[in-house]
Amino acid sequence: MTHGIRIAQVREARRITPTMQRVTLCGPELRDFSLPPGAIAPHVKLLIPPVDMEPVWPKLTSNGRLTAHNCTTRTYTVRNHRPEAGEIDVDFVLHGDEGIASRWAARACKGDRVGIWERSPAILGQHSWFLFLGDQTAIPGIGQAVEVLPSSAHAVAIIQIDSMEDKLDFQSAAELDVLWTIKSQKHALLDTIQSHSWLATRRPFIWVGVEAGVARPIRNYLRQLPSLNRSDFSVVNYWKHGVPETSIASDAE
């Protein structure tokens, strides 16, 4: 491990829906990669090397910053973790050549290298009811989250997609209902939360992963609900129209 940054290699890249590519990363430096129990939608910073140039990998300083490097940094969910094999799966929504990470994932070949910078994930609380909402970019996070829920939990996931061909199957021990909807109006997910009966009868944990402009009114609405504490919800800006990740204030609350 290079001073807090792990270097991994692509073992396999395959299309799992028409618009999503799964890249399996492996290598000796992932052998001791770990996730805390109950981690929900754990994410890492991927350091994607430049094309046709030798990568200059950064080091992690004592104050948690990266030293100079020539890689592109993007945040992605660890969809699957197989510690015994030293492997993780990362799912990428494909946008053609518009995004650096999308372009890298679409062309990833066995042996390609990428840096991994670990981040602290949200942890599953003591809730028994869960509501997950997101767009296409949130599919990996929601898929991972429902798989760590206990059998005593009840969960609903509502996911906006561009086409029904983008649906994926989730495995969960919990009582789980998944509703796939075709993307329509901007505030459809906010309307869903406002009309959800759970908020009147139960205190669920709510996880939302969406575009920044969609996230803002949802976050503001949840903040003012007297029935919810700040620990009862997490709203993540997964992306922003026309803006690269480095310009987005994307930390969850």
Within the range 223-253, residues under 21 Å from Thr73 (Cα atoms), loosely packed, with under 13 Cβ neighbours inside 10 Å, at pLDDT below 65 and of a type outside the set (Gly, Ala, Ser) come out as Thr246, Asp251
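Per-residue answers, yes or no, for (1) over 15 Å from the mean Cα position of the chain (by Cα); (2) farther than 18 Å from Asp232 by Cβ; (3) surrounded by 21 or more Cβ atoms within 10 Å (Cβ to Cβ); (4) among the charged types (D, E, K, R):
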| position | (1), (2), (3), (4) |
| --- | --- |
| His127 | yes, no, no, no |
| Gly143 | no, yes, yes, no |
| Ile159 | no, yes, yes, no |
| Ser163 | yes, yes, no, no |
Of the residues in the range 29-63, those that are β-branched (Val, Ile, Thr) and touching a residue at least 40 places away in the same chain (Cβ under 8 Å) come to Ile40, Val44, Ile48
Could you tell me whether any residue of the range 2-12 is among the β-branched types (Val, Ile, Thr), at pLDDT 95 or above and within 16 Å of the chain's Cα centre (by Cα)? no
Checked against (1) outside any loop (DSSP other than H, G, I, E, B); (2) within 22 Å of Met20 (Cβ to Cβ), Lys110 satisfies every condition except (1)
Of Glu175, Glu165, Glu211, the only residue that is touching a Pro at 6+ places or on another chain (Cβ under 6 Å), modelled with pLDDT of 90 or more and not β-branched (Val, Ile, Thr) is Glu165
Taking the range 38-66 and keeping only residues that are assigned to a loop (DSSP other than H, G, I, E, B) and either in contact with a strand residue (DSSP E or B) (Cβ under 8 Å, 6 or more places away or on another chain) or assigned by TED's automatic domain parsing to the domain that holds Phe170 (or both), one is left with Gly38, Ala41, Pro42, Pro49, Pro50, Pro55, Trp57, Pro58, Lys59
Scanning the range 67-107 for residues that are assigned to a loop (DSSP other than H, G, I, E, B) and either out of contact with any helix residue (DSSP H, G or I) (no Cβ under 6 Å at 6 or more places or on another chain) or outside the structural domain of Glu29 (by TED's automatic domain parsing) (or both) gives Thr67, Ala68, His69, Asn70, Cys71, Val78, Pro83, Glu84, Ala85, Gly96, Glu98, Gly99
Per the filter on the range 18-74, residues among the aromatic types (Phe, Trp, Tyr) and surrounded by fewer than 20 Cβ atoms within 10 Å (Cβ to Cβ) are Trp57
Per the filter on the range 165-198, residues in a loop (DSSP other than H, G, I, E, B), hydroxyl-bearing (Ser, Thr, Tyr) and either over 18 Å from the mean Cα position of the chain (by Cα) or on the phi > 0 side of the Ramachandran plot (or both) are Ser184, Ser197
Within the range 40-97, residues charged (D, E, K, R) and closer than 22 Å to Asp166 by Cβ come out as Arg74, Arg79, Asp89, Asp91, Asp97
Scanning the range 113-158 for residues that are free of Cβ contacts under 8 Å to residues at least 40 places away in the same chain, over 15 Å from Trp180 (Cβ atoms) and assigned to a helix (DSSP H, G or I) gives Glu147
For the range 64-72, indicate whether the set of residues that are without any contact (Cβ under 8 Å) to a residue 24 or more places away in the chain and among the small types (Gly, Ala, Ser) is non-empty. yes
Q) Would it be correct to say that Ile193 is under 21 Å from Val235 (Cβ atoms) and either among the aliphatic types (A, V, I, L, M) or assigned by TED's automatic domain parsing to the domain that holds His81 (or both)? A) yes
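The values are calculated or read from the model by the stated rules, or taken from the named source; none is laboratory data. This one's a predicted model, so the numbers in the text were calculated from it and none came from an experiment. Virtual Cβ from ideal backbone geometry, glycine too; neighbours counted across all protein chains shown.
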